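A.B. asks: The structure follows.
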Amino acid sequence: MDPASIYTVDACKPDVTSVPMDSKAKSYTFDEVIDVVNGKGFGRTTVHVFIASSIVMMAVLNETMGIAIVIPAAQCDLNLSSTDKGILTGVSFAGIIVSSHFWGYIADTKGRRSTLIVSLLLTATCALVSGFSINFTMMAVMRFLVGVFVSAPSATIFAYLGEFFKTTKRTIVITYASVAVGLSGVFTATTGWYVLSFDWELPLPGVAFTLRPWRFLFIVYTLPTLIGACWLIFLPESPKFYLSRDRKSEAFAILQRLYLENHPNATVDDFYIQHIVPEAGQKIRSKDARSAAGCWHVARSMWNQTVPLFHKSNVANFTICCVVQFGLFVVSAGMGLWFPDIVNRITTSNTTDTTVCDALSTTLIYSNATEDRLESTSISLICNDNVNERVFIYAMTLGGLYTVLYLAMSALMQMLGRKCVVGFNLFFSGFSGIVLQFVSNPYVTVALFCFFLVFAGTSISILNGATVSFFPTNVRAMAVCLSLMMGRLGSVFGSNLVGLIMEQNCTLTFFIFASGSIVCAVLTLILPS
């Protein structure tokens, strides 16, 4: 018997408050189906989905932020100038920005799981090849391609994970999974510190370079990417995605599989759900999707996939999500990229009991005087590719703070709700950014600086989890991808803004960034609960 003739998606929502005599005739919402499938807790497959998704989140951070640790160790072998190092740090973000729209379309039309597997394998390939770069150009091209391909899992993984859980639990589950973001900071710092502590060389015959620890570090950082891709091969596609594409038999097959795994003594006949309430316009969207073919039709389909985000029901939430993501990345990533340098200058300043801006101006004057003296004496510096251990310590500290805060927020959201937690996070971030300018103790200043960045950064994953719940399944991945694209633009904008105005007007810089956190806090309060 054709499964499609058994399982149906009703065109209108019945009264689900009353329990009919025949449960097989009842129509269920997807949240109700997930409750039936998962039972009282999470089943084996949903646990595997959660772990695999956490590994993928960790892989994304490894690929985009790990390069900051590799570049100082690679500068002599690749003959990198300061400009070259700046380009390599940001070129992955450029790849993410230019490809986000495309990957959002692919994930919403071709499937979450297949998009994740293909993009992760391509990311790993480019990342490994970049470890064998022989010059700056090759490294820049490969890291740009890493950004192009890692753009897909950086957003799609939130939609994939969220669609295995009911709406009220999605943000909490995604926040728990985002603990991997903090662990990524600890992982890249500890493994980088260990691998780069060795000083060995392995000449390869017939190749124009020598294998050194920094090249091996690329392999270490790519391991979570490969593990995540392989793990996803054995996991199912999102059943909610199948339902959104009118592929009912495939969706019900997955739901039935999950039900039997979570109920060991159950049989196929015990899975009584045969009717699921669809999202509005689901059948029309599915019909349009099947009719698209060819490059021109794909381009038109991408446009049609984007337009619903600007419909009256979505445009306000989508605009707020994009603006808030931009602001969060401006603070956490834009200022965060300068965190090691600023903290290093504060802690190594010869002055005591002084504010952060006074300490920065003092170290700037000393640095300029040193450079002038070296130029006047015609001293040529020998290339030094040793990485200061402070870089690893700062990265581990931030990673540890992210991990602890994600765990705390996951627990607090269950008691206080998303709005309350995010609002507090961003107000406290802004408050810390303002107060740290008036504190003279360097350790308190560094602590407030950490709070300024971390409380804003952890709000990114909460907002991603909320975005998954705000938008219909057919445009969900597109919404996350485009909002994160705005976030990446924010990181580039913020980083350049710090470089332009920090040394000229330190106080104004911190006030601008702290005000950004407070504005984002107000905007998040407008979003639905």
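The values are calculated or read from the model by the stated rules, or taken from the named source; none is laboratory data. No experiment lies behind these values; they were computed from the predicted model shown. Don't worry about glycine lacking a Cβ; one is built from the backbone with ideal geometry, like all the others, and counts go over all protein chains shown. Ligands, DNA and RNA are stripped out before the accessible areas are found, and what is left, the full protein with its side chains, is counted by its heavy atoms. Shrake-Rupley method; radii C 1.70, N 1.55, O 1.52, S 1.80 Å.
A.B. asks: For a Förster distance of 45 Å, can you work out the FRET efficiency between the beta-carbons of T29 and A447, rounded to the nearest 0.05?
C.D. replies: Result of the calculation: an efficiency of 0.45.
A.B. asks: So the label point goes 7 Å from the Cα of N386 along Cα→C-beta, right? Which residues of the stretch 158-201 then have their backbone N under 19 Å from it?
C.D. replies: Under cut-off, by backbone N: 192-201.
A.B. asks: Spelling out what I want: for every residue of the stretch 313-322, take phi, set θ = phi - 60°, compute 6.51 cos²θ - 1.76 cosθ + 1.60 (Karplus), and round to whole Hz; glycine and proline get x.
C.D. replies: Each residue of the stretch 313-322 in turn: 6, 10, 4, 5, 5, 5, 5, 5, 4, 5 Hz.
A.B. asks: Whose amide H sits under 5 Å from the amide H of I276, counting only residues 5 or more places off or on another chain, with H placed in the peptide plane?
C.D. replies: Result for I276 returns T8, V9, D10, Y28.
A.B. asks: Which value results when the Cα radius of gyration for the stretch 57-157 is divided by 2.2 N^0.38 Å?
C.D. replies: 1.08
A.B. asks: So how far apart, in nm, are the two label points at C230 and F493 if each is 7 Å from Cα heading toward Cβ?
C.D. replies: Label-label distance for C230 and F493, simple model: 4.1 nm.
A.B. asks: Taking a 23 Å limit on the Cα-Cα distance, which of the listed pairs K110/K169; K169/K240; K26/K240; K26/K248; K166/K248; K110/K248 fall beyond it?
C.D. replies: K110/K169
A.B. asks: By average Cβ neighbour count within 10 Å, what is the ranking of 252-264, 311-323 from highest down?
C.D. replies: 252-264, 311-323
A.B. asks: Let me ask something else. With an 8 Å Cα cut-off and a minimum separation of 6 or more residues, compute the relative contact order for the stretch 128-215 in percent.
C.D. replies: This gives 24 percent for the stretch 128-215.
A.B. asks: Just the accessible area for L412, please: 1.4 Å probe, Å², rounded to the nearest 10?
C.D. replies: 70
A.B. asks: Separate question: Determine, from the Cβ-Cβ distance of S82 and T267 and an R0 of 41 Å, the FRET efficiency 1/(1 + (r/R0)^6), rounded to the nearest 0.05.
C.D. replies: Efficiency for this residue pair is about 0.05.
A.B. asks: Given the peptides 59-66, 230-237, arrange them by the average over their residues of other C-beta atoms within 10 Å, most packed first.
C.D. replies: Highest to lowest by the protection proxy: 59-66, 230-237.
A.B. asks: What is the log10 of I(q)/I(0) for the stretch 130-174, computed with the Debye formula using one identical point scatterer on each Cα and no solvent, at q = 0.21, 0.22 Å⁻¹?
C.D. replies: -0.68, -0.71
A.B. asks: Kindly report, to the nearest 10 Å², the accessible surface of W200 as traced by a 1.4 Å probe over protein heavy atoms only.
C.D. replies: Here the residue's solvent-accessible area equals roughly 90 Å².
A.B. asks: If you don't mind, another one. Average projected area of the Cα convex hull of the stretch 87-212, in nm²?
C.D. replies: The number I arrive at for the stretch 87-212 is 9.6 nm².
A.B. asks: If you don't mind, there's one more thing I want to ask. R0 = 25 Å: FRET efficiency of F310 with T507, Cβ-based, nearest 0.05?
C.D. replies: 0.05
A.B. asks: State the Cα centre-to-centre distance between the stretch 419-497 and the stretch 194-268 in whole Å.
C.D. replies: Spelled out, the Cα-based centre of one part sits 27 Å from the other.
A.B. asks: For the stretch 451-513, would you read off the P(r) tail past 20 Å as a percentage of all alpha carbon pairs?
C.D. replies: Looking at the stretch 451-513, the distances longer than 20 Å represent 43 percent of pairs.
A.B. asks: Here's something else I'd like to know. For the pair R257 and V141, how long in nm is the line joining their label points, each one 7 Å along Cα→Cβ?
C.D. replies: Inter-label distance under the simple model: 4.0 nm.
A.B. asks: Quick check: residue separation of A408 and L204 times 0.36 nm, minus the Cα distance between them. What number comes out in nm?
C.D. replies: 68.6 nm
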